[in-house]
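Reviewing the structure listed below.
Quick note: the coordinates plus some simple rules give every number you see, no bench work behind them. Here the structure is a predicted model, which means the values were calculated and not measured. All Cβ positions, even for glycine, are placed from backbone atoms using ideal geometry, and neighbour counts span all protein chains on display.
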Amino acid sequence: MDESMLAAVLRQAPDLRDRLCYLAYGGSRSYGTETNESDVDLRGIAFAPVEAVFGLETYEQTILDVPDTVVYALTKYLKLAVKGNPTILEMLHVEPAHVLYADERGEELRAHRDLFLSKRLYRSYGGYAIGSIRKLARKGEPYDAKDAHHLIRLLQMGRELLETGALQVHRPRASELAAIKRGEWPLADVLACAETLFAEMTAAYERSPLPDEVDRDAVQALAIRLNQSYYCRMA
């Protein structure tokens, strides 16, 4: 665990000290595509302060600039996860070495991370892909290499997810993605790869072992259990 990153977050947002339940690397470090110039991205989950739960205040997230950090309120996180937001889902599927902090509730969240995986993620990953493919094709050369590498990564992850039922964040072919990010692939090769991956993802959707939809009752039970565990200890 990189305690300096956790300390930097708590130093800037001390109110998170008793509410934070999970913090992990996001972005290029979680994918294994970081370079010396890459920013540090942190993503986390926290319980809302009692003033926002039982009082008149509101709380959805905490945002910090350095390091680039977003800590979501648990309820907001769960709602986004049920909707199939890829960035949100990836938070709980990073490699253990990329988890900076997890208390017992954060560990329970991670243990139940597969609750949020369903065939509807074809729309989350595939919808982004279609838009990005069309955008790249319209722009032509030169193209945004960073956007292109995100496109290929998401298509790879979406295909694997639908084929295997597992979300692998750390990329086994990170060097390939890094080459795309450096602009070493001609646009025609990027588009051809994207089209092939999208076709494979579509085929995988038909035979995917994932459930059609997220079990919202199970997520509801998890949310109640976690919130009761946290807030009832204050009674």
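Would you mind putting 69-81, 33-45, 128-140 in packing order, based on average other-beta-carbon counts within 10 Å, highest first?
Values: 69-81: 19.9, 33-45: 16.8, 128-140: 13.8.
Packing proxy ranking, top to bottom: 69-81, 33-45, 128-140.
Expressed in nm to one decimal, what extension gain is obtained for the pair residue 3 and residue 18 from 0.36 nm per residue of sequence separation less their Cα-Cα distance?
Details: separation 15, 0.36 × 15 = 5.40 nm, distance 1.62 nm.
That works out to 3.8 nm of additional length.
So if each residue of separation counts as 0.36 nm, and I subtract the Cα-Cα distance between residue 174 and residue 112, what length gain in nm does that give? Don't skip to the answer; put the middle values down first.
Values: separation 62, 0.36 × 62 = 22.32 nm, distance 2.68 nm.
Between residue 174 and residue 112, full extension yields an extra 19.6 nm.
How big is the charge dipole of the stretch 3-112 about its Cα centre, in debye rounded to the nearest 20, if each Lys and Arg gets +1 on its Cβ and each Asp and Glu gets -1 on its Cβ?
Numbers: 10 positive and 18 negative charges, 64 e Å.
Charge dipole, the stretch 3-112, about its Cα centre: 300 debye, nearest 20.
Simple spin-label model, 7 Å along Cα-to-Cβ: residue 231 to residue 68 in nm?
With each label placed 7 Å out from Cα toward Cβ, I get 3.4 nm.
Using only Cα atoms and rounding to the nearest 10 degrees, what angle (0 to 90) does helix 216-231 make with the longest principal axis of the chain?
40
Quick check for me: using +1 on Lys/Arg Cβ and -1 on Asp/Glu Cβ, what's the dipole size of the stretch 83-160 about its Cα centre, in debye to the nearest 20?
Dipole size: approximately 660 debye.
Alpha carbon centre of the stretch 57-81 versus the stretch 97-144: separation in Å?
Cα centres, the stretch 57-81 to the stretch 97-144: 17 Å.
Using a cut-off of under 20 Å, list every residue of the stretch 62-81 whose amide N is near the label point 7 Å from the Cα of residue 53 along the Cα-to-beta-carbon line.
Residues 62-63, 71-81 qualify, since their backbone N sits under 20 Å from the label point.
Compute the long axis of helix 121-139 from its Cα atoms, compare it with the longest principal axis of the Cα atoms of the chain, and write down the angle in degrees, 0 to 90, nearest 10.
Approximately 50 degrees, to the nearest 10.
Mind checking which of 200, 141, 160 has the largest fluctuation in a GNM of the chain, springs on alpha carbons under 10 Å?
Comparing 200, 141, 160 in the GNM, the peak value goes to 141.
Using a Cα distance threshold of under 18 Å, what count of lysine pairs results for the chain when pairs must be 8 or more residues apart or interchain?
Numbers: 79/119; 83/119; 135/146; 135/181; 139/181; 146/181.
Count of close lysine pairs: 6.
Roughly what angle does helix 145-164 make with the longest principal axis of the chain, taking Cα atoms, 0 to 90 degrees, to the nearest 10?
Between the helix axis and the principal axis of the chain, the angle is about 80 degrees.
Would you pull out the residues with amide H under 5 Å of residue 69's amide H, same chain only if 5 or more places away, H placed 1.01 Å from N?
Residues meeting the amide H criterion: 42, 64.
Multiply the residue gap between residue 195 and residue 80 by 0.36 nm, knock off their C-alpha separation, and tell me the result in nm, one decimal place. Write out the running numbers ahead of the final one.
Numbers: separation 115, 0.36 × 115 = 41.40 nm, distance 2.77 nm.
Here the segment from residue 195 to residue 80 would lengthen by 38.6 nm.
Name the residue, out of 175, 124, 208, whose mean-square fluctuation peaks in a Gaussian network model built on the chain with Cα pairs under 10 Å.
175
Taking only C-alpha pairs under 8 Å that are 6+ residues apart, what is the relative contact order of the chain in percent? Mind showing how you got there, number by number?
Values: 327 pairs, mean separation 50.2, N = 235.
For the chain, the relative contact order is 21 percent.
What is the fewest-to-most order of 112, 149, 98 by other Cβ atoms lying within 10 Å of their Cβ? Before the final figure, lay out the partial values.
Values: 112 16, 149 23, 98 19.
Arranged by neighbour count, lowest to highest, 112, 149, 98 become 112, 98, 149.
Under a crude label model (7 Å from the Cα following the beta-carbon direction), how far is residue 11 from residue 213 in nanometres?
4.8
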